[in-house]
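Report on one structure; see the data block that follows.
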Amino acid sequence: ASQTDGSYPSRDAFNTALFDDEYTQRNLQLRGNWRVAGHSRVSGYLGGSEREYPEFSERDFTGLTGRISYDWAPTGKLSLNLLARREIGAEVDLVDNFVVTESISITPAWALTSDISIGAGYEWRKRTYGGDPALGVIADVGKDDTTDIARLSGNYAPLRNLKFTVLVQHEARDSNNADREYDAGLVSAAVQFNW
């Protein structure tokens with residue numbers, strides 16, 4: 001169980017009149033870690049979250065939250081992760097005060113050799129924005145986003161303390177607000193050196 005008291009100390013008088021400066025969030029969670037068999041494990045938490053604003057109850061949130069992960073490693077070279085989550089985060093603008101993220105992902109990986117590995121991944125993510133700011137007609141402008149993310153990565157570690165990584169990723173977001181839609185490709189490379 002946890003309680004968080006949050007505040008926004010830098011808001012000016014205009015924003016303070018439109019938004020609560022403070023909120024309280026309480027989480028009650030049951031966490032677990034279960035080795036189903038020698039090669040598989042389930043871990044995560046289930047619970048509920050409640051966020052309250054002192055001035056405007058229209059902005060409050062109460063609901064189920066959780067994160068469940070399943071890891072399977074049938075051999076020393078193959079692994080697979082399945083993840084499902086529903087979590088609440090902060091989002092403060094003219095039409096909402098919080099965002100609920102629901103996501104399902106799958107991430108396989110394969111170690112080709114002791115030096116080279118490849119990975120892939122797909123995530124479906126839905127973000128629902130809520131917390132009516134009580135501003136009349138503006139509050140009716142809802143935002144619900146659905147994002148598909150696909151990625152492919154490769155790692156090369158010629159030395160124990162040196163690793164090169166290349167990532168190719170594609171994202172596409174659909175939204176009931178056309179200004180928030182996008183379609184993007186990403187290519188990145190990184191070098192990690194530990195000493």
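Taking a straight line from the alpha carbon of K126, these lysines sit under 19 Å away, with near neighbours fewer than eight places off in the same chain left out: K143.
Extension gain for A189 to S69 (0.36 nm times residue separation, less C-alpha to C-alpha distance): 40.5 nm.
Between R41 and E22, the contour length at 0.36 nm per residue exceeds the alpha carbon distance by 2.9 nm. Straight-line reach from K163: taking Cα to Cα under 24 Å and skipping same-chain neighbours fewer than 8 places apart, the lysines in range are K77.
Give the ranking of I116, I104 by solvent-accessible surface, highest area first, calculated with a 1.4 Å probe. Write out the running numbers ahead of the final one.
Numbers: I116 70, I104 105 Å².
Sorted by accessible area, descending: I104, I116.
Remark: region 36-41, residue by residue, has Karplus-estimated 3J(HN,Hα) of 5, 8, x, 10, 9, 8 Hz, where x stands for each Gly or Pro and the curve is 6.51 cos²θ - 1.76 cosθ + 1.60 at θ = phi - 60°.
The values are calculated or read from the model by the stated rules, or taken from the named source; none is laboratory data. Just so it is clear, the structure is predicted and the values come from calculations on it, not from any experiment. Side chains included, ligands, DNA and RNA excluded: accessible areas come from the protein's heavy atoms. Shrake-Rupley method; radii C 1.70, N 1.55, O 1.52, S 1.80 Å.
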